[in-house]
Amino acid sequence: MIRAGKLDRQITITREVETVAASGAVSKVWTPVATVRAELIQRSADEYLTGFGEAASGNAVFRIRYLPGIITADRVTCDGLSYDIDEIVELGRKRGLELRCSEVA
């Protein structure tokens, strides 16, 4: 069960939408799907070796109340940072969702 007092962050879930202009040009825009309260379970910065040296990768796990229609192609924005959703875990029987995310570079 998710306690209301632990939902101390406000996150926005966004989805990429393609729009076609009259000239035929296609543009992709991230539009908000929902703004919800969340609990930040874990935030870490893992360093790993890349081809040009070391780089930092930020991971975060957010817990929210159940919201249908969230997919892994969506993004989460929290405190000015954007995260790609890597995995969605349902908690209980539609009680909540755990969003495991990685920071967008």
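Name the single residue that is farthest from the chain's Cα centre (by Cα) among those in segment 61-102 being over 15 Å from Val36 (Cα atoms) and of a type in the set (Lys, Arg).
Among those residues, the one meeting the criterion is Arg93.
Of (1) modelled with pLDDT under 95; (2) in contact with an Asp or Glu (Cβ under 7 Å, 6 or more places away or on another chain); (3) surrounded by 11 or more Cβ atoms within 10 Å (Cβ to Cβ), Lys94 satisfies all except one. Which?
Among (1) modelled with pLDDT under 95; (2) in contact with an Asp or Glu (Cβ under 7 Å, 6 or more places away or on another chain); (3) surrounded by 11 or more Cβ atoms within 10 Å (Cβ to Cβ), Lys94 violates only (2).
Show me the strands (runs of 3 or more DSSP E) entirely contained within segment 55-105 in which 2 or more residues are without any contact (Cβ under 8 Å) to a residue 24 or more places away in the chain.
Working: elements: 75-78, 81-91, 96-103.
Because the criterion is at least 2 residues that are without any contact (Cβ under 8 Å) to a residue 24 or more places away in the chain, the strands (runs of 3 or more DSSP E) in segment 55-105 that meet it are 81-91.
For the condition at pLDDT below 95 and within 19 Å of Gln10 (Cβ to Cβ), what is the one hit in Leu40, Leu49?
Every option except Leu40 fails the conditions.
Of everything in segment 8-31, what is closer than 15 Å to Asp84 by Cα and of a type in the set (D, E, K, R)? Give them in sequence order.
Arg15, Glu16
The values are calculated or read from the model by the stated rules, or taken from the named source; none is laboratory data. It should be emphasised that the depicted structure is a prediction, and the values quoted were computed from it without experimental measurement. Ideal geometry is used to build each Cβ from the backbone, glycine not excepted, and the neighbour counts take in all protein chains shown.
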